[in-house]
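This report concerns only the one structure given below.
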Amino acid sequence: MIYLKTKDEINIMNKANEIVLKILDEVESNLKEGITTKELDTIAENVTEKEGAVPAFKNYYGYPASLCISINDGVVHGIPSDKVMVKEGDVVSLDFGVQFKGYYGDAARTCIVGKGREIDLRLINVTKESLYIGIDRAQAGLKISDISKAIESYVVSNGFSVVKDYVGHGIGRSLHEEPQVPNYYLRGNDYILKLGMVIAIEPMVNEGTSDVIVEKDGWTVRTKDGKNSAHFEYSVAIAEDGPIILGVAEI
Ligand code: MF3
Ligand code: CO
């Protein structure tokens with residue numbers, strides 16, 4: 001079941017995502033060599049509380065923290081730890097969500113600590129750009145697969161690969177709603193985008209193989225070949241004048 005949202009609901013979701021982006025900004029500004037990922041998680045929790053929101057990921061299917069931090073070959077769902085310190089050159093993916101007034105916000109971005117290697121900077125730029133290219137297809141009358149194909153072809157033409165085991169999703173009163181939003185063309189299930197749909201578009205892009213593994217902790221997803229990975233995500237509403245990037249737009 002795909003839930004279409006009213007303008008009022010989209011306004012609340014815009015606010016929820018403003019909070020998410022504010023927290024990502026705050027975490028990013030603390031992302032310096034030597035800080036532990038646990039300390040970053042605590043910063044995210046503190047700002048969430050101050051904003052009157054609730055962390056969305058904490059205890060979600062048993063996830064043990066609020067922020068997901070995935071470093072270098074980490075793709076998604078990295079668990080913050082007081083034993084993991086951020087270091088110069090790290091590729092750090094930050095994924096965060098909140099619940100606010102009954103609605104969810106969800107966004108992610110990847111940052112480099114310090115200068116970074118050339119290929120990692122390119123990975124990050126291509127992944128970020130692929131998100132915007134996908135968002136551009138988020139128009140009433142087009143299909144989910146139009147978003148998927150646009151992301152995949154941009155990523156592949158730049159020599160990288162898209163992760164297939166994890167996908168974007170509808171979002172609203174639940175963190176994950178229908179439909180799924182793959183970052184690659186998948187025959188079969190497809191949906192026509194309608195006014196009022198809200199979807200989280202979230203390309204996960206690898207420097208090498210698209211294959212991933214899940215660590216023994218049951219959460220941490222890493223690339224199979226150990227090469228680096230990046231992740232960008234926005235929650236996007238399908239509206240009359242085109243896609244609205246929630247949390248960014250003045251609505
Ligand atoms: N941001 C992730 C997503 O988009 C959610 C993390 S899953 C959790 O689906 F379990 F860690 F919360
Ligand atoms: Co998401």
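Ligands, DNA and RNA aside, Met197 has an accessible area near 10 Å² when probed at 1.4 Å.
Quick one: what do you get for the chain if you divide its Cα Rg by 2.2 N^0.38 Å?
Numbers: Rg = 16.9 Å, N = 251, 2.2 N^0.38 = 18.0 Å.
Scaled against compact globular proteins, the figure is 0.94.
Distance between the modelled labels on Ile251 and Met85, one decimal in nanometres: 4.4 nm (7 Å Cα→Cβ projection).
Given q = 0.11, 0.12, 0.20 Å⁻¹, what are the Debye log10 I(q)/I(0) values for the stretch 51-140, with equal point scatterers placed on the Cα positions and solvent ignored? With one equal scatterer per Cα and no solvent, log10 I(q)/I(0) is -0.40, -0.47, -1.05. Of the cross-linked pairs Lys15/Lys194; Lys32/Lys227; Lys22/Lys128, those separated by over 20 Å at the C-alpha level are Lys15/Lys194; Lys32/Lys227. Once you reduce the stretch 23-79 and the stretch 109-186 to the center of their Cα atoms, the two points are 21 Å from each other.
Glu240 to Lys115: FRET efficiency via 1/(1 + (r/R0)^6), r the Cβ-Cβ distance, R0 51 Å, to the nearest 0.05? The calculated FRET efficiency here is 0.75.
Tell me which GluC sites (Glu not before Pro) from the stretch 29-81 have a DSSP coil assignment and no more than 12 other beta carbons within 10 Å of their own. Taking the stretch 29-81 and a limit of 12 other Cβ atoms within 10 Å, the loop GluC sites (Glu not before Pro) found are Glu33. Legend: calculated FRET efficiency, Val156 to Leu195, from the Cβ-Cβ distance at R0 = 35 Å, rounded to 0.05, equals 0.70. Within the straight-line cut-off of under 14 Å between alpha carbons, the aspartates and glutamates reachable from Lys101 are Asp8, Glu9, Glu18, Glu49, Glu51, sequence neighbours fewer than 8 places apart in one chain being disregarded. Simple spin-label estimate for Lys216 and Ser174 gives 3.3 nm between the two label positions (7 Å along the Cα-to-Cβ direction from each Cα).
The values are calculated or read from the model by the stated rules, or taken from the named source; none is laboratory data. Being a predicted model, the structure only gives us computed values, none of them experimental. Cβ sites come from the backbone with ideal geometry, for glycine too, and all protein chains shown count toward neighbours. Calculation scope for accessible area: heavy atoms of the full protein, side chains included, ligands and nucleic acids excluded. Shrake-Rupley method; radii C 1.70, N 1.55, O 1.52, S 1.80 Å.
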